[in-house]
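Enquirer: Okay, here's the structure, questions in a sec.
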Amino acid sequence: MAGERGGAAAAGGQRVSPAAGPCAQLAAPQRAGRAASAGLVARLARFWRGCVALWRARWQVRVGRSGQPLASARSRELQARLDRAIVDGEFCFHYQGKFDTAQLRLVGLEALLRWHHPRHGLVYPNEFIGLAERTDAIVALGNWGIDAACRQLAQWRAAGLPLVPVAVNVSARQLCQPGLPDFVLGCLRRHAIAPGLLELEVTESCCIDDMAQATQGLRRLRALGLAISLDDYGTGHAGLSHVRMLPIHTIKIDRSFLRDVGGGSADSDTVIVASTIALARGLGLQALAEGVENGAQLAQLRRLDCPQVQGFYLHLPAPAAEVAALLSAGRVMVPQHGAMRPGADAQ
């Protein structure tokens, strides 16, 4: 799961320097020549300050003493409401399908968090997960997610729909909670859900920060019968020894490695993807490529014998009511040409 975290980052997800833009090539006057008048220097200084002030106002950037942009008003508003939003039921899941690569049969769903903010409408995780991680809200939000996934599985079952495993993302702080396995077990029992229908996804960085504690926590969760996926593989610093130590079931190849896959040349990304698939197979693990956005990528992944795929080309994240049709069908039909791209970052 990348994201824009502030108002200044709305265009492309990058921080905007307060001195960037049309005035960037105008250096702040440090020292005038001997022949320059004091009045000219003063006017240049005022002009420079005006440029910077105008650019700050335009991009809504506030700068602290350290020179780093401070949180936007929107970010501060979101953070202030996080705890209340969890209690008031403003969060929900949109579900994205996971498919076997050969036949595109549905093999699982990933639960992707959404926030129905009363003023801002639908807010994506790239805006609020980072805020939640600064406080205990990330643990409360994670616990809500595990219970919500189990509850939704029970509702689909009551409707007579066939079930597939649902994956929920777990943060580093939640993983380190000693009571997490007992909490998960309580959710499974409360909703009468078999452990094999709940999957937890953890990122590389989540495990690397404290490998011993992460391994211990994951082993306790695996002992309950849950599947564990290593998400965003290849973007962190997990070496082969780390992957071998972790009690995981699936390696999810990060979407960043699929951008040039299927382009018709033996690019480095294709080599990395092929190597990761071979690594997973050699370790007895499942490999899933996420971020499939076009038919060429899907075709190449089939040639590379990647077992599972996920992405916008196959299925856009959708509310639970809309996923019922996918569960009934058990597979997906994809367009023959082009890519399906949502209007917003759906992760």
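Quick note: the coordinates plus some simple rules give every number you see, no bench work behind them. Keep in mind that what you see is a predicted model, and the values were worked out from it rather than measured. Here the Cβ is made from the backbone with ideal geometry for all residues, glycine too, and neighbour counts use every protein chain on show.
Enquirer: Which FRET efficiency, nearest 0.05, do R190 and L163 yield, Cβ-Cβ r, R0 22 Å?
Expert: The formula returns an efficiency of 0.85 here.
Enquirer: Using the Cβ atoms and a cut-off under 9 Å, what net charge is assigned to the surroundings of K98, where Lys and Arg are +1 and Asp and Glu are -1?
Expert: The answer is -3.
Enquirer: Continuing with this model, one more query. Can you compute the label reach from A278? Point 7 Å from Cα along the Cβ direction, backbone N cut-off under 19 Å, restricted to region 303-326.
Expert: Only 303-308 pass the distance filter.
Enquirer: What length, rounded to one decimal in nm, is gained on full extension from A102 through to T235, with 0.36 nm per residue of separation minus their alpha-carbon distance? Working shown, then result.
Expert: On the way: separation 133, 0.36 × 133 = 47.88 nm, distance 2.63 nm.
Taking A102 through T235 to full extension adds about 45.2 nm, to one decimal.
Enquirer: Any chance you could check the Cα centroid distance between region 125-180 and region 75-99 for me, in angstrom?
Expert: Measuring centre to centre over Cα atoms gives 11 Å.
Enquirer: Further question: Collect residues whose amide H, placed 1.01 Å from N in the peptide plane, falls under 5 Å from the amide H of A167; neighbours closer than 5 in sequence don't count.
Expert: For A167, whose amide H was placed from the backbone, the distant partners under 5 Å are L109, E110, A111, E199.
Enquirer: For a quick check: with amide H placed at 1.01 Å from N, whose amide H comes under 5 Å from R105's, ignoring anything fewer than 5 positions away on the same chain?
Expert: D100
Enquirer: With each label point set 7 Å from Cα along the Cα-Cβ vector, what nm distance links V87 and A212?
Expert: Spacing of the two 7 Å Cα→Cβ label points: 3.8 nm.
Enquirer: Any idea what diffusion coefficient region 81-329 gets from Stokes-Einstein, in µm²/s, Kirkwood Rh on alpha carbon pairs, 37 °C, 0.692 mPa s?
Expert: D, rounded to a whole number, is 176 µm²/s.
Enquirer: Separate question: Which cross-chain or sequence-distant (5 or more) residues have an amide H under 5 Å from the amide H of A227, H modelled 1.01 Å from N in plane?
Expert: Under 5 Å from the amide H of A227 lie the amide H atoms of L198, L200, each far enough along the sequence or on another chain.
Enquirer: Further question on the same structure: For the pair Q286 and A324, what calculated FRET efficiency results from E = 1/(1 + (r/R0)^6), where r is the Cβ-Cβ distance and R0 = 22 Å, to the nearest 0.05?
Expert: 0.30
Enquirer: Each residue of region 288-297 in turn: what ³J(HN,Hα) in whole Hz from Karplus with 6.51, -1.76, 1.60 and θ = phi - 60°, glycine and Pro shown as x?
Expert: Coupling constants for region 288-297: 10, 9, 9, x, 6, 10, 7, x, 5, 5 Hz.
Enquirer: Right, here's the next one. Using the Karplus curve 6.51 cos²θ - 1.76 cosθ + 1.60 with θ = phi - 60°, work out ³J(HN,Hα) for each residue of region 185-200 in order, rounded to whole Hz, and write x for Gly and Pro.
Expert: 4, x, 5, 4, 5, 4, 9, 6, 10, 5, x, x, 8, 10, 10, 10
Enquirer: Report, in whole Å, the centroid distance computed from the Cα atoms of region 219-234 and region 281-320.
Expert: What the calculation gives is 19 Å, centre to centre.
Enquirer: How big, on average over all directions, is the shadow cast by the Cα convex hull of region 171-299, in nm²?
Expert: 8.5
Enquirer: Going by a ≥ b ≥ c, the root eigenvalues of the Cα gyration tensor, does region 113-252 fall in the rounded group (a/c under 1.5), the prolate group (a/b larger than b/c) or the oblate group?
Expert: It comes out oblate by the Cα gyration axes.
Enquirer: Could you go through region 96-107 in sequence order and give the Karplus-derived ³J(HN,Hα) for each residue, using 6.51 cos²θ - 1.76 cosθ + 1.60 with θ = phi - 60°, rounded to whole Hz, and x for Gly and Pro?
Expert: Calculated HN-Hα couplings, in order: 10, x, 10, 9, 6, 5, 5, 10, 6, 7, 5, 10 Hz.
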